[in-house]
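Comments concern the structure below.
The values are calculated or read from the model by the stated rules, or taken from the named source; none is laboratory data. Fair warning: this is a prediction, and the values are worked out from it, not measured in the lab. Reconstructed Cβ throughout: ideal geometry from the backbone, glycine too, with neighbour counts over all protein chains shown. Please note that ligands, DNA and RNA were not included when accessible areas were found on the heavy atoms of the full protein model with its side chains. Shrake-Rupley method; radii C 1.70, N 1.55, O 1.52, S 1.80 Å.
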Amino acid sequence: MASIEELRTKVAGDFILPEDPAYDEARKVWNGAIDKRPRAIVRCSDVDDVVASVSFARESNWLVAVRGGGHNAAGLAVCDEGLVIDLSTMRSVEVDPGTRTARAQGGATWSDFDRETSRHGLAATGGAISTTGIGGLTLGGGVGYLMRRYGLACDNLISVEMVTASGRVIKASADKNDDLFWGVRGGGGNFGIVTNFEYQLHPVKAVLGGMLLHPIERARETLFHYRGLMETAPDELTIFAALMTTPDGAPVVAFLVGYCGPPSEGEKVLRPLREFGPPLVDQIEPMPYPKLQSMLDEGFPAGLQVYWRSNFLAGIPDEALDELIQQFSRVTSPLSALMLEPLGGAVARVGSEETAFNHRDAAYNLAVIGRWQAPNEEKTHIAWTRTAHEAMERFATGGVYVNYLGEEGQDRVRAAYGDAKYRRLVALKDKYDPENLFRCNQNIQPTPRR
């Protein structure tokens, strides 16, 4: 069995132990409520460091957590009494404008990715907060402003390079290890550590985007109008709707808008939304795509206490919208919010069996976002989050977006995939990680050995 000191000699990246000055900062993740203490953290500099770390963990029977951007609300990028394999310094992004493709290392954030691709007027669907890592978001599906036009982040994947539990470096694509390629498009980090992602890019220069704010007193009529607009919206348009509180303490209905087609057409499409009300604030304007991607960064900083719940919705009938408004009226923190993310478009046109990501027929994803500052207030704000989530369950499909899951138990992991896909994912787990080395995740449990 290798010693931890032997691992130190095998890696070129930073090697951090609890007694080191950098330890407390290195173990922090985006969710300030997470306070876990790993036995060691390896900030990998290259694939060889990842291989060495995985081999050590397997041979020494250490628990493993894998960190990319560290943005997951459940805090799965860090663990107690185990090894954190940290990819956050592996952030290179290389763009080939001729083939409209990009290769990005597993620790890159969407800010890194968008900065490089936008130089060529290109983009792929990414998360709505630019500090999010590309790895976790893509492996779980990948909701973003471009999804209705170009599909989820995982739909834009061409290939991955992965370090498996055995320490092998393999590639998965439509032509090679296609079973694994199916699984990584929605199945999360269950099968290994992805050290490189290859994406198909699309022409995206300026977008028409920004935020509209309406007073909470007009929430019902405003949300009804939004629903009607999204029922006929072109694929180029994505609008997230949120019930939230502004920094100056005003409860509002917020629309977060991204239109990735011709600006003149976008102006026509958005005119009914911009003229309705009228809104208190209209910040919609032509902007570079990276500006849209970072629009929420300031409002979602690292370090706050966070607790999320989520469900896919079949639709948002009158009763569902009324329930949302009622639940928001009881919100316990000005930092908490209820958000609707519309699917459809290109997301729904991908065949239901083509990827591990499931529930492509859902109309919306609902995120119940509990956030607050003081750790001693957790009971109050967690209770609101759970109550709001439970109140909306009668409108849910029964499915859940795996990237928004907390530590909610195995039944909820199964709900992310459905029984048939879950069984298929178990078969992949049996093949690539039968000992469940990679289990600090929304875990696909391998078949028990007799």
> Which ³J(HN,Hα) values in Hz, rounded to whole numbers, follow from the phi angles of the range 294-307 under the Karplus curve 6.51 cos²θ - 1.76 cosθ + 1.60, where θ = phi - 60° and Gly and Pro get x?
Replying inline: 9, 4, 9, 4, 5, x, 10, x, 6, x, 6, 7, 9, 8
> Which cross-chain or sequence-distant (5 or more) residues have an amide H under 5 Å from the amide H of Asp297, H modelled 1.01 Å from N in plane?
Replying inline: Ser130
> Full extension from Thr99 to Arg394: what is 0.36 nm times the residue separation minus their Cα-Cα distance, to one decimal in nm?
Replying inline: 101.6 nm
>> Could you compute the net charge surrounding Leu304? Neighbours are other residues with a C-beta less than 14 Å from the C-beta of Leu304; K and R count +1, D and E count -1.
In response: -3
>> Going by Cα centres, the range 198-217 and the range 115-182 are how many Å apart?
In response: 19
> GNM on the chain, C-alpha springs below 10 Å: top fluctuator among Leu146, Leu256, Leu229?
Replying inline: Leu229
> Local charge sum around Arg185 (other residues, Cβ-Cβ under 14 Å, Lys/Arg +1, Asp/Glu -1)?
Replying inline: -3
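For the range 212-322, state the semi-axes of the equivalent ellipsoid (square roots of 5 times the eigenvalues of the alpha-carbon gyration tensor), sorted largest first and rounded to whole angstrom.
Computed over the range 212-322, the values are 22, 19, 15 Å.
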> Taking amide hydrogens as modeled 1.01 Å from N in the peptide plane, which residues meet the under 5 Å criterion relative to Arg67, leaving out close sequence neighbours?
Replying inline: Ile85, Asp86, Leu87
>> Taking a ≥ b ≥ c as the square roots of the Cα gyration tensor eigenvalues, with a/c under 1.5 meaning rounded and otherwise prolate when a/b beats b/c, else oblate, which class fits the range 57-185?
In response: prolate
>> Under the 0.36 nm per residue contour assumption, what length would be gained going from the current alpha-carbon distance of Val426 and Ala314 to full extension?
In response: 37.6 nm
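Please give the calculated 222 nm ellipticity per residue for the chain, where each DSSP H segment of at least 4 residues contributes -39500 (n - 2.57) and the sum is spread over every residue; nearest 500 deg cm²/dmol?
Details: 14 runs with 136 residues, N = 450.
Rounded to the nearest 500, the figure is -9000 deg cm²/dmol.
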> If one puts a single equal scatterer on every Cα of the chain and applies the Debye formula without solvent, what log₁₀ I(q)/I(0) results at q = 0.06, 0.11, 0.12 Å⁻¹?
Replying inline: -0.24, -0.84, -1.01
> For the chain, what % of the accessible area comes from carbon and sulfur atoms, probe 1.4 Å?
Replying inline: 48
> Computed FRET efficiency, Cβ-Cβ of Ala348 and Arg450, R0 41 Å: what is it to the nearest 0.05?
Replying inline: 0.50
> What is the list of residues in the range 355-382 whose amide nitrogen lies under 15 Å from a point 7 angstrom out from the Cα of Asp419, following Cα to Cβ?
Replying inline: none
>> Between Asp20, Asp322, Asp46, where does the largest GNM mean-square fluctuation fall for the chain, given springs only between Cα atoms within less than 10 Å?
In response: Asp20
>> Per residue of the range 237-253, what does 6.51 cos²θ - 1.76 cosθ + 1.60 with θ = phi - 60° give for ³J(HN,Hα)? Whole Hz please, x for Gly and Pro, Karplus curve as stated.
In response: 9, 10, 10, 8, 10, 9, 9, 8, 10, 6, x, 8, x, 8, x, 9, 9
> Heavy-atom accessible area per residue, the chain, 1.4 Å probe: how many Å²?
Replying inline: 40
> For the range 421-448 and the range 232-285, what is the separation of their C-alpha centers, rounded to whole Å?
Replying inline: 41
> Once phi is turned into θ = phi - 60°, what whole-Hz ³J(HN,Hα) does the Karplus curve with 6.51, -1.76 and 1.60 give for every residue of the range 393-400, x standing for Gly and Pro?
Replying inline: 5, 5, 9, 8, 7, x, x, 9
>> Per 0.36 nm of contour for each residue apart, how much would the distance between Glu377 and Ala302 grow if the chain were fully extended, relative to their Cα-Cα spacing?
In response: 25.2 nm
